Amino acid sequence: CLTSQGDFALESFKFTDCNSPAMGLYPVVDRASWIPRLAPLGVSTIQLRVKDLADEPLIDEIKSAIKLAKQHNCRLFINDYWQLAIKLGAYGVHLGQEDLDTADIEAIQKAGLALGISTHCHYEVARAHSYQPSYIACGPVYPTDSKVMPWIPHDLQGLSYWRRVLNYPLTAIGGINRSRIADVAKTGVDAIAMISAITQADDPEQVAADFVKLINTNKA
Ligand code: TZP
Ligand code: MG
């Protein structure tokens with residue numbers, strides 16, 4: 001819930017535009033060490049999504065990711081840990097619906113960080129839109145093994161629907177791989193996020209470089 005009163009102007013409550021230049025391929029990784037591997041391949045935006053660390057090791061990982069992202073001129077979104085993202089000076093924060101219940105959205109905006117929000121259905125898209133975030137992520141587009149998902153995948157048809165009705169920076173996520181990325185790019189989404197297709201590839205650098213090209217040649 002917003003806490004400030006008095007000088008608060010709702011019209012100015014909009015998060016950083018993180019889409020110029022366009023986000024394009026948006027790898028979601030669990031360790032800072034991915035950043036120097038992926039950023040030189042034309043990857044301009046990366047999300048650090050750490051689910052297995054706490055305390056000092058977590059802080060060290062986030063610090064290191066922020067440092068590397070700055071060195072590589074890459075926009076780094078920190079998943080979940082919005083307070084650390086503010087404190088340590090990340091580019092942005094990525095939050096799920098449950099995080100919105102507790103995160104201080106105004107503090108994130110006032111600190112000048114970008115904000116991405118995950119959504120899975122109409123209600124969540126409407127809720128996310130009300131925060132005027134930097135982008136809205138829609139998923140899962142396809143079935144995924146990377147996260148337990150009770151939601152029925154949108155498929156291309158559902159994703160195209162969201163593209164049509166949402167005049168807003170849109171990120172597609174969930175089950176996107178080599179055989180699907182061109183079709184997803186053709187829907188006109190602004191970013192294509194993925195975990196396993198890159199992080200579990202035999203040659204992640206080659207895959208990421210190919211995906212950057214596939215997005216560029218197929219984007220609507
Ligand atoms: N949110 C929606 S789907 C998903 C998340 C975090 C997992 C995406 O992983 P993958 O391996 O690209 O399907
Ligand atoms: Mg979360």
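The values are calculated or read from the model by the stated rules, or taken from the named source; none is laboratory data. Worth saying up front: this structure is predicted, and the values here are computed from it rather than measured. Please note: Cβ atoms are built from the backbone with ideal geometry, for glycine as well, and neighbour counts cover all protein chains shown.
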Would you confirm whether any residue within segment 195-214 is within 25 Å of residue 93 (Cα to Cα), within 16 Å of ligand 2 (Cβ to nearest atom) and of a type in the set (S, T, N, Q)?
-> no
Just a yes or no: is a residue in segment 66-73 surrounded by fewer than 17 Cβ atoms within 10 Å (Cβ to Cβ), touching a residue at least 24 places away in the same chain (Cβ under 8 Å) and within 15 Å of ligand 2 (Cβ to nearest atom)?
-> no
Within segment 77-101, of all residues that are β-branched (Val, Ile, Thr) and within 14 Å of ligand 2 (Cβ to nearest atom), the one surrounded by the fewest Cβ atoms within 10 Å (Cβ to Cβ) is 78
Tell me, which residue of segment 35-69 that is of a type in the set (D, E, K, R) and part of a loop (DSSP other than H, G, I, E, B) is farthest from residue 216 (Cα to Cα)?
-> 52
Residue identified as modelled with pLDDT of 95 or more, touching a Ser or Thr at 6+ places or on another chain (Cβ under 9 Å) and assigned to a loop (DSSP other than H, G, I, E, B) among 179, 160, 146 | 146
Inside segment 195-220, can you point out the residues that are closer than 28 Å to residue 148 by Cα, touching a residue at least 24 places away in the same chain (Cβ under 8 Å) and among the polar types (S, T, N, Q)?
-> 196, 199
Residue ID - farthest from ligand 2 (Cβ to nearest atom), chosen from residues in segment 102-120 that are surrounded by fewer than 14 Cβ atoms within 10 Å (Cβ to Cβ) and modelled with pLDDT of 95 or more = 112
Reported set for segment 126-142 where residues are surrounded by fewer than 19 Cβ atoms within 10 Å (Cβ to Cβ) and either without any contact (Cβ under 8 Å) to a residue 24 or more places away in the chain or among the aliphatic types (A, V, I, L, M) (or both) is 126, 130
Could you list, in sequence order, the residues of segment 163-186 that are surrounded by 17 or more Cβ atoms within 10 Å (Cβ to Cβ), among the basic types (Lys, Arg) and away from ligand 1 (no atom under 14 Å from the Cβ)?
-> 163
Residue by residue through segment 163-176, note down the ones that are assigned to a loop (DSSP other than H, G, I, E, B) and out of contact with any strand residue (DSSP E or B) (no Cβ under 7 Å at 6 or more places or on another chain).
-> 167, 174, 175
Can you name the residue in segment 188-215 that is of a type in the set (Gly, Ala, Ser) and surrounded by fewer than 18 Cβ atoms within 10 Å (Cβ to Cβ) and is also farthest from residue 141 (Cα to Cα) among such residues?
-> 209
